[in-house]
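Notes follow once the structure below has been shown.
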Amino acid sequence: MRPALIAVLFVLSVACVPALCSREEPPVLQPGAPAETRSRFAALDDVRLLANGLLQLGQSLREFVQRTKGQINDILQKLNIFDRSFYQLTVLASEIKEEEEELKKTTVVLKANNEEIKGLSVEINSKVDDILQEKIRLQNKVEGLEKKLSGLLQGLPTSEQVAEINGLRTLIHSQEQSITELLQAVRDQSDQINHQRMKIKNLEEKFTVNTLAQETVERSPDIINVEAPTLIPFLPPSSNSNAEMNHGVTVIQRRRDGYVNFDQTWEKYENGFGHFQGEFWLGLRKIHSLVARGYSVLHIQLEDWKQSKHFIKYRFYLDGPESNYTIHLTHLSGDLPDPMGNHTGMMFSTKDRDNDNHRDVNCAHNYTGGWWFNACGDTNLNGRYFHMRPKGRSERRRGIQWKSAGKASYSFKLSQISVHAGAPPSSTSAAPDTGVFLRSSTNIL
């Protein structure tokens with residue numbers, strides 16, 4: 001429609017240009033001129049006015065066409081950008097669908113393995129019951145044999161009786177050894193089953209997260225932020241079966257490889273998390289119960305990336321949950337600086353519970369780990385574990401920090417915090433100040 005209109009206007013303009021551009025002067029009207037001549041000049045004036053109007057209209061239409069072209073070009077550019085973004089989202093959705101299919105296959109296999117493990121667990125439990133019954137039966141036999149031995153000891157045993165007694169003792173010892181081996185095998189099988197169950201649980205959680213991510217992409221392609229949880233939940237053992245004593249020393253924190261994420265919530269820090277064989281945090285509730293028994297010494301051991309070991313000791317007390325586990329420290333000894341002197345009397349803070357003295361910043365959120373922060377400060381042994389030295393200073397401050405004021409930030413390789421609980425002041429010298437980390441002989445409640 002618009003090209004046809006422009007063509008009509010162009011024809012009219014061409015038709016009117018000679019009349020407008022003609023240099024011929026209009027004839028002078030004589031008083032006695034006829035009426036036809038006057039009407040002719042009146043028609044020419046109307047044509048000139050119409051031509052001027054058409055020229056102005058054509059100019060306006062030209063400007064409108066130019067503006068429309070620019071707007072169309074902008075729209076085309078935006079459509080190209082949208083096409084690229086939509087293509088990227090389509091590719092990402094396809095990848096997530098492929099991962100979902102693989103996880104579904106893995107889940108099917110694991111479910112089958114889980115059924116087999118359940119069958120093995122039932123079989124092992126039945127064997128354990130049989131072993132326990134056999135143990136009771138053997139104990140009854142042992143009691144009967146002990147009675148027989150008591151009766152034999154009252155009289156003078158013959159050589160045949162002595163040989164019979166020795167044979168019975170050998171049989172009893174061999175039976176006890178067999179029972180012990182069977183119980184150990186049962187424990188090993190139980191540990192393997194628990195390990196397989198943990199793997200299955202982690203894969204199910206990952207599958208659930210990926211499914212939610214797929215649904216999020218389909219509903220809102222502009223927001224994609226998937227983070228699969230990798231932290232294995234804390235499993236508190238009993239206080240009798242898994243405690244290993246070493247002169248009243250209890251390890252409450254250990255960092256050594258970065259396998260466990262220490263950027264946790266208040267609930268996690270209160271109840272504990274991690275693995276006792278590797279990295280863990282014992283839990284504020286347990287630490288409070290531990291130091292509530294009396295005099296306690298906090299022993300902090302650090303190792304840098306040059307294998308140099310350092311330590312520091314404090315007289316230590318921790319308030320309860322009603323005071324957000326406020327810490328109280330008095331420096332005793334050690335070759336490390338004492339940045340925690342500014343943190344005594346501080347409440348514990350996490351990323352979801354800000355108890356520090358900084359008004360505008362949540363130190364636990366910025367430094368990625370729960371700690372007794374003052375105004376953020378120069379120490380945080382629950383920070384992020386770095387395998388390589390970060391380039392940025394702000395990133396280095398998020399590591400395992402222990403530094404004096406004015407020193408550069410440095411993230412340590414290993415850290416271990418232990419408590420000498422309930423010991424009198426004179427017993428603090430029992431453990432040498434060598435900075436050597438405690439290994440297997442520690443109490444990890």
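Selection of first residues in the stretch 156-179 that are in contact (Cβ under 8 Å) with a residue 40 or more places away in the chain and of second residues that are surrounded by 10 or more Cβ atoms within 10 Å (Cβ to Cβ) and not aromatic (Phe, Trp, Tyr), restricted to Cβ pairs under 7 Å at least 6 apart or on distinct chains, gives the following pairs, ordered by first then second residue: ILE179/ILE131; ILE179/LYS135.
Residues in the stretch 103-138 that are in contact with a Lys or Arg (Cβ under 8 Å, 6 or more places away or on another chain) and either among the β-branched types (Val, Ile, Thr) or not assigned by TED's automatic domain parsing to the domain that holds ARG197 (or both): ILE117 only. Could you tell me whether any residue of the stretch 309-330 is assigned to a loop (DSSP other than H, G, I, E, B) and within 14 Å of TRP402 (Cα to Cα)? Checked against the condition, which is being assigned to a loop (DSSP other than H, G, I, E, B) and within 14 Å of TRP402 (Cα to Cα), the stretch 309-330 yields no hits at all. Quick check: anything in the stretch 355-367 of a type in the set (Phe, Trp, Tyr), in a loop (DSSP other than H, G, I, E, B) and in contact (Cβ under 8 Å) with a residue 60 or more places away in the chain? No: zero hits. For the stretch 79-122, a residue qualifies if it is among the charged types (D, E, K, R) and under 30 Å from GLN189 (Cα atoms), and the qualifying residues are GLU102, LYS104, LYS105, LYS111, GLU115, GLU116, LYS118.
Here GLU115, GLU100 are screened, and the one residue that is loosely packed, with under 14 Cβ neighbours inside 10 Å and under 20 Å from LEU203 (Cβ atoms) is GLU115.
Here are some conditions: (1) over 30 Å from ILE193 (Cβ atoms); (2) assigned by TED's automatic domain parsing to the domain that holds SER178. PHE82 meets all but one. Which one does it not meet? Against the list (1) over 30 Å from ILE193 (Cβ atoms); (2) assigned by TED's automatic domain parsing to the domain that holds SER178, PHE82 comes up short only on (2). Of all the numbered requirements in (1) over 26 Å from ARG384 (Cα atoms); (2) touching a residue at least 40 places away in the same chain (Cβ under 8 Å); (3) surrounded by fewer than 19 Cβ atoms within 10 Å (Cβ to Cβ), ALA292 misses one, and that requirement is (2).
For the condition in a helix (DSSP H, G or I), modelled with pLDDT of 90 or more and hydrophobic (A, V, I, L, M, F, W, C), PHE64 qualifies. Total residues in the stretch 247-264 satisfying the condition of being touching a Ser or Thr at 6+ places or on another chain (Cβ under 6 Å) and closer than 21 Å to CYS363 by Cα: the figure is 2.
For SER404, are the conditions met, namely being more than 26 Å from the chain's Cα centre (by Cα), surrounded by fewer than 21 Cβ atoms within 10 Å (Cβ to Cβ) and at pLDDT 90 or above? Against the criterion (more than 26 Å from the chain's Cα centre (by Cα), surrounded by fewer than 21 Cβ atoms within 10 Å (Cβ to Cβ) and at pLDDT 90 or above), SER404 does not qualify. Exactly one residue out of LEU44, LEU120, LEU145, LEU50 is closer than 30 Å to ASN166 by Cα and modelled with pLDDT under 90: that is LEU145. Taking each residue of the stretch 269-288 that is at pLDDT 95 or above and looking for partners that are part of a helix (DSSP H, G or I) and of a type in the set (Ser, Thr, Tyr) with beta-carbon atoms closer than 8 Å, six or more apart or interchain, yields TRP281/TYR269; GLY283/TYR269; LEU284/TYR269.
The values are calculated or read from the model by the stated rules, or taken from the named source; none is laboratory data. These numbers were taken from a predicted model, which means no experiment stands behind them. Positions of Cβ are backbone-derived with ideal geometry, glycine not excepted, and every protein chain shown enters the neighbour counts.
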